[in-house]
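Step one of this worksheet: look at the structure below.
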Amino acid sequence: MSEGIGSGGLFIAFEGGEGAGKSTHLRRLTERLERAGIAHLLVREPGGTPAGERIRRIVLDRDLSICPETELLLYLASRAEFVKRVVKPALERGELVLADRYEMSTYAYQGIARGLGLERVRKLNEFATGGLKPDGTVLLALDPDVGRERQRGQADRLESEHADFHRAVARAYTVLAESEPGVVTIASDGPTVEVQERLWLALSERWPDRFPPAG
Ligand code: Z5A
């Protein structure tokens with residue numbers, strides 16, 4: 001747990017299928033944290049470092065056909081950079097780190113939906129992260145067909161996958177939310193403002209010093 005690292009760092013990962021609202025709600029969360037004067041770092045995966053952003057372009061390139069093993073290793077290569085160069089140093093400085101996706105994405109997409117095997121993926125992920133776990137994970141839960149309808153613009157390689165793949169990802173998240181430690185599930189349907197209130201309430205119940213109840 002990162003709460004053991006340095007002086008009071010806190011690492012929260014945000015997860016969910018395509019269109020679940022992670023980017024929207026993370027943007028609103030950071031605005032709210034800024035208004036409350038609470039320092040934080042918002043990062044995304046794959047990406048978050050110069051090498052990671054290049055890997056992101058490869059792994060999401062809709063014109064590339066890559067095998068599941070390559071896909072897994074690309075996500076983990078991006079994560080190794082991200083953990084070592086961004087997350088660990090920030091936690092050692094005592095910062096609040098909010099990540100748009102982390103290891104649960106790899107378990108859901110590659111381990112389960114792609115069929116690479118959860119235990120194998122866990123071991124490789126542990127190598128990539130040096131065992132760094134988030135202090136908590138927020139799962140934004142939404143019907144995958146609704147999430148896909150929200151999609152705008154040209155679909156990337158993952159978004160272009162068949163609807164059945166995205167349904168398998170959604171089922172995987174449901175299973176993982178039960179088995180992984182520290183997962184809070186937030187229903188992400190309904191008006192954005194209501195989802196944001198549910199999210200803030202859940203965060204402030206767990207970490208009131210970082211997410212003030214009246215914030
Ligand atoms: N991936 C993986 O396979 N393995 C891994 O280890 C990792 C990732 C780390 C990353 O793409 C892809 O890589 C991702 C998983 C895979 N692929 N998929 N599919 P990304 O980072 O570019 O994409 P994403 O994370 O899936 O982002 P997204 O599709 O944009 O989803 P989102 O961030 O959760 O949603 P959003 O952008 O906030 O909202 C989508 C739209 O819905 C937008 O127009 C909003 O205005 C709208 N929205 C949001 N909330 C609402 C509500 N409440 N009502 C109505 N409309 C709403």
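The values are calculated or read from the model by the stated rules, or taken from the named source; none is laboratory data. These figures come from a predicted structure and were not determined experimentally. With ideal geometry, Cβ positions are generated from the backbone for all residues, glycine too; neighbour counts draw on all protein chains shown.
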Pairs returned, first residue in segment 44-61 that is more than 12 Å from LEU74 (Cβ to Cβ) and acidic (Asp, Glu), second residue that is within 12 Å of the ligand (Cβ to nearest atom) and not in a helix (DSSP H, G or I), beta-carbon separation under 8 angstrom, 6 or more apart or interchain, are GLU53/GLY47
ARG54 vs (1) more than 12 Å from the ligand (Cβ to nearest atom); (2) part of a loop (DSSP other than H, G, I, E, B); (3) basic (Lys, Arg): all pass except (2)
Worksheet item: Scanning for something in contact with a helix residue (DSSP H, G or I) (Cβ under 8 Å, 6 or more places away or on another chain), within 16 Å of the ligand (Cβ to nearest atom), at pLDDT 95 or above and of a type outside the set (D, E, K, R), does segment 1-9 turn up at least one residue?
Response: no
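Filter segment 172-209 for residues that are assigned to a helix (DSSP H, G or I) and under 15 Å from the mean Cα position of the chain (by Cα) and give the result.
Of everything in segment 172-209, those that are assigned to a helix (DSSP H, G or I) and under 15 Å from the mean Cα position of the chain (by Cα) turn out to be ALA172, TYR173, THR174, LEU176, ALA177, LEU199.
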Of GLY37, GLY48, the only residue that is modelled with pLDDT under 95 and crowded, with 20+ Cβ neighbours inside 10 Å is GLY48
Inside segment 175-200, the number of residues satisfying the requirement of being out of contact with any strand residue (DSSP E or B) (no Cβ under 6 Å at 6 or more places or on another chain), within 16 Å of the ligand (Cβ to nearest atom) and free of Cβ contacts under 8 Å to residues at least 40 places away in the same chain is 5
Exercise. Looking only at segment 123-137, decide whether some residue is within 16 Å of the chain's Cα centre (by Cα) and within 9 Å of the ligand (Cβ to nearest atom).
Key: yes
